[in-house]
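Chemist: Starting off with a structure, shown below.
The values are calculated or read from the model by the stated rules, or taken from the named source; none is laboratory data. Here the structure is a predicted model, which is why all the values come from computation and not from measurement. When we count neighbours, we look across all protein chains shown, and the Cβ atoms used for this are built from the backbone with ideal geometry, even at glycine. Quick note on the areas: whole protein, heavy atoms, side chains included, nothing else; ligands and nucleic acids left out. Shrake-Rupley method; radii C 1.70, N 1.55, O 1.52, S 1.80 Å.
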Amino acid sequence: MTTIRRFCCNDLLRFTSVNLDHLTETFNMSFYMTYLARWPDYFQVAEVPGNRIMGYIMGKVEGQGESWHGHVTAVTVSPEYRRQQLAKKLMNLLEDFSDKIDKGYFVDLFVRASNTPAIKMYEKLGYIIYRRVLRYYSGEEDGLDMRKALSRDVERKSVIPLKRPVTPDELEGAACPLFGGQHECGLHHQEAMKTDLNGCLRHLDLDSELNETIKITEAVIGRLALISLRLNGLPSKAVITIWRSFFSPDSENLHVCYLCLFIVSPFSLS
């Protein structure tokens, strides 16, 4: 029997086998935690009895005006559980949240132009190719922006295909992924994501005094997060793994993610 529920912190330690698929992007821990904290309803996991993860979907809601929409950042199913319409169930769940709860105009996603099986699957689910994004993936391969209109878009304006390809720089909100911008191209890679997080924080125009306060807050939140993880019963090795991933010297300016970990872990780890 398949159970679909919200993704939680300790799933990050158990979903490696699903991410082994070569077409599935693997992000750094802070990326996943940001989604867990900001869009928990859009981050769902499917599992079988015994808590073995079958697949998951990760998304968000973003945009303004008639561009307000749900976005599928990642959806993947482990090879042994495919051809059971699990991806369809996960997609339908995200679409329902976007349509009925957040009242979006459409749902969109990006897929490699060479990934024919995925494109065909999305087309069967009602998605159309809205536009081609040149060199979207790591500056090498084109991506296809596919969309599905929701009930709020009565005239289906959101799915009228563009006649020309666009570049990643032309995508809406391409400058600030942390605060909701639609920015998935080569930024699927960890170093680029770190650069973007730093860039987003620069948008806040923090003065030196506030920066010092943040450093102190980082230290406090970091220790509280560690205590929270242990109180929720995670084995010591698991805590150390998470701790090193989040609080290493390489994790510059990721205090937002520390806060995410502290907020989410008491309610997710059981």
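Chemist: Which residue, of 173, 143, is among the small types (Gly, Ala, Ser), part of a strand (DSSP E or B) and either closer than 19 Å to residue 111 by Cβ or at pLDDT below 90 (or both)?
Modeler: 143
Chemist: Next question. Which residues, taken from segment 49-67, are in contact with an Asp or Glu (Cβ under 8 Å, 6 or more places away or on another chain) and surrounded by fewer than 19 Cβ atoms within 10 Å (Cβ to Cβ)?
Modeler: 66, 67
Chemist: Tell me which residues, restricted to segment 77-92, are polar (S, T, N, Q) and either open to solvent by 30 Å² or more (accessible area, probe 1.4 Å) or within 16 Å of residue 146 (Cβ to Cβ) (or both).
Modeler: If the condition is that a residue be polar (S, T, N, Q) and either open to solvent by 30 Å² or more (accessible area, probe 1.4 Å) or within 16 Å of residue 146 (Cβ to Cβ) (or both), then 84, 85, 92 are the ones that fit.
Chemist: Pairs, please: C-beta under 8 Å, at least 6 apart or cross-chain, first residue within 12 Å of residue 54 (Cα to Cα) and in segment 6-26, second in a loop (DSSP other than H, G, I, E, B) and of a type in the set (Ser, Thr, Tyr)?
Modeler: Cβ pairs passing all conditions: 17/78; 18/24; 18/78; 19/26.
Chemist: So, one more: Which residues, counting only those in segment 21-48, are under 13 Å from residue 81 (Cβ atoms) and surrounded by fewer than 17 Cβ atoms within 10 Å (Cβ to Cβ)?
Modeler: 21, 48, listed by residue number.
Chemist: Ok, one more. Checking the conditions here, which among 29, 54 is of a type in the set (A, V, I, L, M, F, W, C), more than 25 Å from residue 168 (Cα to Cα) and touching a Ser or Thr at 6+ places or on another chain (Cβ under 7 Å)?
Modeler: 54
Chemist: Against the definition (modelled with pLDDT of 95 or more, out of contact with any Lys or Arg (no Cβ under 9 Å at 6 or more places or on another chain) and under 27 Å from residue 21 (Cα atoms)), how does residue 100 come out, yes or no?
Modeler: Values: modelled with pLDDT of 95 or more: yes; out of contact with any Lys or Arg (no Cβ under 9 Å at 6 or more places or on another chain): yes; under 27 Å from residue 21 (Cα atoms): no.
When the stated conditions are applied, residue 100 does not pass them.
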